[in-house]
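Here's the structure we're looking at; comments come further down.
Read-outs: derived from the displayed coordinates by stated rules, not from any lab. Only a predicted model underlies this, so the values are computations on that prediction, with no experimental measurement involved. Note that we place each Cβ from the backbone using ideal geometry, even for glycine, and neighbour counts take in every protein chain shown.
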Amino acid sequence: MRLCGQELVSRPHASIAIEPHSNFSPRINHQHLSQHNMSSSIKPLVLHAHGTGPNPYKIAAALEFLNLPYEVKLWQFGDAANGVKGPEFLKINENGRVPALEDPNTGVTSWESGAVMNYLLRVYDKENKLGPRGSSEQDRVDFEKWEYFLLSTLGPMMGQVNWFRHYHSSKNEDALQRYEEQAYRCFGVIDAQIKKTGDKFVLPGSTPTAVDLHVYPWVYQHSYAGLSLDSYPSTKKWLENVSALKEIKAAYEKVPKGKEM
């Protein structure tokens, strides 16, 4: 199993009730979008995923929020013909990881969840549904710093916890303790931020941003990682709020039903 980007994650909502975009990159693809002002006129994008990896779900959720048609192709781990390290998938992503996204409308292929997310925001989020809260430089920085915090710190620390708890060939309690402590430290950072916003979303406002979509799949799997949110009440409330969003539910229902490769 993959140690950072593709650990097992159970489907949500069983136990829980569960860059702009117009401001961030104002020059990009508004002419293109004028040709596709109805989602029905857009060819389905192709999301390459693994049913148990956290990162594809954030992209599926973004596609749901942006009302974009998409289909899911499910790959296996390893270097078999249908594996992410196999020759066919390596033609799509040289790094052999999911998610990857192919867009027949633009001819663009993207991979790495942060790059995929920002591609969707630049090209398709013309109403700035998921981007920075405003157009100021501070708004953009606030968006990016929390996005990168997840991509560079919280996500990898959670991935290491999962690896040393579930997949490492021999027990290494020192390593597990180290990454548990780092994951909890990250929980504390995100909890303090969510508390500032009234336990709604990571950034102040009445709707989620792509930052919430980045963070959600990793925090959602805290139980699988053997971690607790009991000391992080704002994060626990946030998790319940985001889990209840219909777009999140739709993403978690659709990805596991994708086409097996």
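Before moving on, here are some points about what is shown:
- Dipole size of region 150-261 about its Cα centre, with +1 on Lys/Arg Cβ and -1 on Asp/Glu Cβ: approximately 280 debye, rounded to the nearest 20.
- Pairs beyond 18 Å (Cα-Cα), from Lys43/Lys73; Lys58/Lys254; Lys145/Lys236; Lys196/Lys249; Lys200/Lys237; Lys73/Lys254: Lys145/Lys236; Lys196/Lys249
- Quick note on region 55-139: its Rg to Rh ratio, both from C-alpha atoms and Rh being the Kirkwood radius, is 1.04.
- Eligible aspartates and glutamates near Lys91 by straight Cα distance, threshold 18 Å, same-chain separation 8 or greater: Asp79, Glu102, Asp103, Glu112, Glu260
- Region 47-142 - share of DSSP beta bridges that are antiparallel (%, nearest 5): 60 percent
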